[in-house]
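Participant: The following block contains the structure, expressed as structure tokens.
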Amino acid sequence: MTRWSGGWGRAAAEADPEMDVLIPSFTRPAELAVTLAGLAAQDGTDFRVIVSDQTENEPAYDHPAVQAMVRVLRAQGAEVLLEQHFPLRGLAEHRSFLLGLSTAPFVLFLDNDVWLEPGTLLRLCSALRRAGCGFVGSAVQGLSYLDDGRPSERVQLEFWEGGEVLPERIRPDAEGFPRWKLHNAANLVHAAQDLDLDPGSWVLYKVAWIGGCVLFDREALVNCGGFDFWEDLPEAHAGEDVAAQWRVMERYGGAGVLPSGAVHLESPTTVTDRAIDAVSVVHGQPKQ
């Protein structure tokens, strides 16, 4: 996609983009505006944006700042779909609904409180095409932790040599489970600084799971059931993204991309009831 740079009269969006960006939304219009602004700065790949909002009364995407970013994306040639989805049936059902709206070969589940630096979508697409696995992701980083190095949490960093990503089974007792610490604070920012990568280059590393920004091969995700387990969960739950990723990892493999390029806005979470962990329901073991 050739991005709009201030002129008008662009061609219409591609009918079949390479990627659908799926954004589940609930309240937080300011954060959603920032998330869309990050997408507007992307280049090099065609994508469609689908926002599904579950805010009562006025949807978050009706906020003027969000509408401004929607207009920018559309002016650039991207298709933007704005949906309201009720009744509330939980996070997994909401993700399942979004997946059902998608048609592109790649689907990016992007939380509505994540800003992506320019080039992130192209990097993710390039990584997924090259690796041929089930998903790759950019773990979100909290930049308020830039002065908090945490080298002890980065000892689990292990790369997929040669770009080949193999299936793995992750459970709390698995060797790879402690990798979750890699995504704390700003660990990946410090890891990328230590690697001193050339501009535009990236590496794939082994993960336990990835939160906030995950690009799936849509066929692989659907073949593994997507989020069809939502019917087995109460409305209040968490960990649905991990449950789905573990199913895909076992069959197709999954990896993280370094540098990440995904910045967490560090706003208070809207998921306040985490008593039910989807992992314990789907995989029979609590994620801990």
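Participant: If the only charges are +1 at each Lys and Arg Cβ and -1 at each Asp and Glu Cβ, what is the size of the charge dipole of the range 155-288 around the Cα centre, to the nearest 20 debye?
Facilitator: 180 debye
Participant: When a footprinting reagent is the concern and you count Cβ atoms within 10 Å, what order do 210, 23 take, fewest first? Intermediate values should be presented prior to the final figure.
Facilitator: Working: 210 27, 23 22.
The order, fewest Cβ neighbours first, is 23, 210.
Participant: Another question about this same structure. At a Förster distance of 30 Å, what's the computed FRET efficiency of residue 197 paired with residue 175, Cβ-Cβ distance as r, to 0.05?
Facilitator: After rounding to 0.05, the efficiency reads 0.70.
Participant: Right, something else. With a ≥ b ≥ c the root eigenvalues of the C-alpha gyration tensor of the range 19-282, is it rounded (a/c under 1.5), prolate (a/b larger than b/c) or oblate? Can you show the working numbers first?
Facilitator: Details: a/c = 1.43, a/b = 1.19, b/c = 1.20.
It is rounded, given that a/c, with a ≥ b ≥ c, falls under 1.5.
Participant: Another question, if that's okay. Loop-only check: which GluC sites (Glu not before Pro) in the range 54-128 are DSSP coil with at most 11 other Cβ within 10 angstrom? Numbers along the way, then the final one.
Facilitator: Values: sites: 56, 79, 83, 93; in loops: 56, 79.
The qualifying sites are 56.
Participant: For the chain, what is the charge dipole size about the Cα centre, in debye to the nearest 20, if Lys and Arg each add +1 at the Cβ and Asp and Glu each add -1 at the Cβ?
Facilitator: On the way: 23 positive and 41 negative charges, 72 e Å.
Computed about the Cα centre, the dipole is about 340 debye.
Participant: Let me ask another. Please figure out what share of the DSSP beta bridges in the range 19-282 is antiparallel and state it in percent, rounded to the nearest 5. Don't jump to the answer; show the numbers that get you there.
Facilitator: Working: 15 of 36 bridges.
That works out to approximately 40 percent antiparallel.
Participant: Another one. May I ask you to evaluate 6.51 cos²θ - 1.76 cosθ + 1.60, the Karplus curve with θ = phi - 60°, for each residue of the range 214-227 and list the ³J(HN,Hα) values in order in whole Hz, giving x for glycine and proline?
Facilitator: Per residue, the Karplus-derived 3J(HN,Hα) values read 10, 9, 9, 5, 4, 4, 5, 4, 5, 4, 8, x, x, 10 Hz.
Participant: Still on this structure, please answer the following. Among 278, 262, 75, whose mean-square fluctuation peaks in a Gaussian network model of the chain (Cα, cutoff 10 Å)?
Facilitator: Looking only at 278, 262, 75, the biggest GNM fluctuation is shown by 75.
Participant: Taking other Cβ within 10 Å of each residue's Cβ, how do 58, 18, 153 sort, fewest first?
Facilitator: Numbers: 58 10, 18 16, 153 20.
Neighbour counts put them in this order, fewest first: 58, 18, 153.
Participant: Based solely on its DSSP helices, what 222 nm [θ] is calculated for the chain when runs of n ≥ 4 H residues each add -39,500 (n - 2.57) and the sum is averaged over all residues, nearest 500 deg cm²/dmol? Walk me through the numbers on the way to the answer.
Facilitator: Numbers: 8 runs with 80 residues, N = 288.
Calculated from helices alone, the mean residue ellipticity at 222 nm is -8000 deg cm²/dmol.
Participant: Classify the range 207-288: rounded, prolate or oblate, from the alpha-carbon gyration tensor (a ≥ b ≥ c, eigenvalue square roots; a/c under 1.5 rounded; otherwise prolate if a/b is larger than b/c)? Display every interim value, and only then the final one.
Facilitator: Working: a/c = 1.83, a/b = 1.06, b/c = 1.73.
Oblate shape, in that a/c is at least 1.5 and b/c is the bigger or equal ratio.
Participant: Moving on. Sort the range 60-147 into rounded, prolate or oblate with this rule: let a ≥ b ≥ c be the square roots of the eigenvalues of the Cα gyration tensor; rounded if a/c is under 1.5, and if a/c is not under 1.5, prolate when a/b is larger than b/c, oblate otherwise.
Facilitator: Numbers: a/c = 1.34, a/b = 1.18, b/c = 1.14.
Because its axes are fairly even, with a/c under 1.5, the range 60-147 counts as rounded.
We did not get these values from a lab; they are worked out from the coordinates using the rules stated. Values in this document were obtained by computation on a predicted structure and should not be read as measured data. Quick reminder, even Gly has a Cβ in these numbers, built from the backbone with ideal geometry, and neighbours come from all protein chains shown.
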